[in-house]
Amino acid sequence: MSDPIWPRGVSAPAARALAAAGYRSLGQLAGVRERELLALHGMGPKAIRVLREALVAQGLDFG
């Protein structure tokens with residue numbers, strides 16, 4: 001089994017939404033507006049919070 005791409009706490013629907021939008025890594029989300037991600041079907045506030053925390057831990061952030 002391979003390591004998950006997204007941090008623990010990102011739901012399966014949110015992960016599918018990111019994949020469908022072409023995002024394949026956390027680094028690709030740096031600079032993307034939260035509003036843009038929230039518009040994806042399956043993406044919710046919890047996933048945004050988890051992703052933001054993971055980005056900040058790597059010295060990155062949303063746009």
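The values are calculated or read from the model by the stated rules, or taken from the named source; none is laboratory data. Because the structure is a prediction, the values reported are computed rather than measured. Quick reminder, even Gly has a Cβ in these numbers, built from the backbone with ideal geometry, and neighbours come from all protein chains shown. Quick note on the areas: whole protein, heavy atoms, side chains included, nothing else; ligands and nucleic acids left out. Shrake-Rupley method; radii C 1.70, N 1.55, O 1.52, S 1.80 Å.
Cβ-Cβ contacts under 6 Å between residues 6 or more apart (or on different chains), taken from a first residue in segment 31-45 that is closer than 9 Å to Ala17 by Cβ to a second residue that is open to solvent by less than 100 Å² (accessible area, probe 1.4 Å) and part of a loop (DSSP other than H, G, I, E, B), are listed as Leu37/Met43; Leu40/Ala21. Each residue in segment 25-35 was checked for being under 10 Å from the mean Cα position of the chain (by Cα) and either surrounded by fewer than 11 Cβ atoms within 10 Å (Cβ to Cβ) or more than 18 Å from Leu60 (Cβ to Cβ) (or both), and 1 of them qualify.
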